[in-house]
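Take a look at the structure below.
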Ligand SMILES: [Cu+2]
């Protein structure tokens, strides 16, 4: 009985560690540490309007305006939905290519995230 418990515990631990490693590796290119990027939304603009990142990087939009905005990809690859004033939204870059996006509430607000 005691032997069974001891034999099973390490196996469960190894499985948990393996899953954690696989999960982490799946989000970024091998040997490359994921980076964090910030895009401010201020004065009805995305700043910077264009940004180049690598797969697995995290891009956070921060709404510094007094009205809600969204970051909605034209190809629907990502959509923040409404970001309240003072709020943030983070996207983990997964789809390679240039992703054009706009604010769903203010279509003249446009930006681009290029994912390599
Ligand atoms: Cu807007």
Self-check item: Test result for residue 34, modelled with pLDDT under 95, in contact with a strand residue (DSSP E or B) (Cβ under 7 Å, 6 or more places away or on another chain) and either within 17 Å of residue 113 (Cα to Cα) or part of a helix (DSSP H, G or I) (or both)
Solution: yes
Self-check item: Of all residues in segment 75-107 being part of a loop (DSSP other than H, G, I, E, B) and more than 15 Å from the ligand (Cβ to nearest atom), the one that is nearest to residue 43 (Cα to Cα)
Solution: 78
Quiz item: With respect to residue 111, is the statement that it is within 12 Å of the ligand (Cβ to nearest atom), over 12 Å from the mean Cα position of the chain (by Cα) and modelled with pLDDT of 95 or more true?
Solution: yes
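The values are calculated or read from the model by the stated rules, or taken from the named source; none is laboratory data. All of these numbers come straight from a predicted model, not from anything done at the bench. Note: ideal-geometry Cβ built from the backbone for every residue, glycine included; neighbour counts use all protein chains shown.
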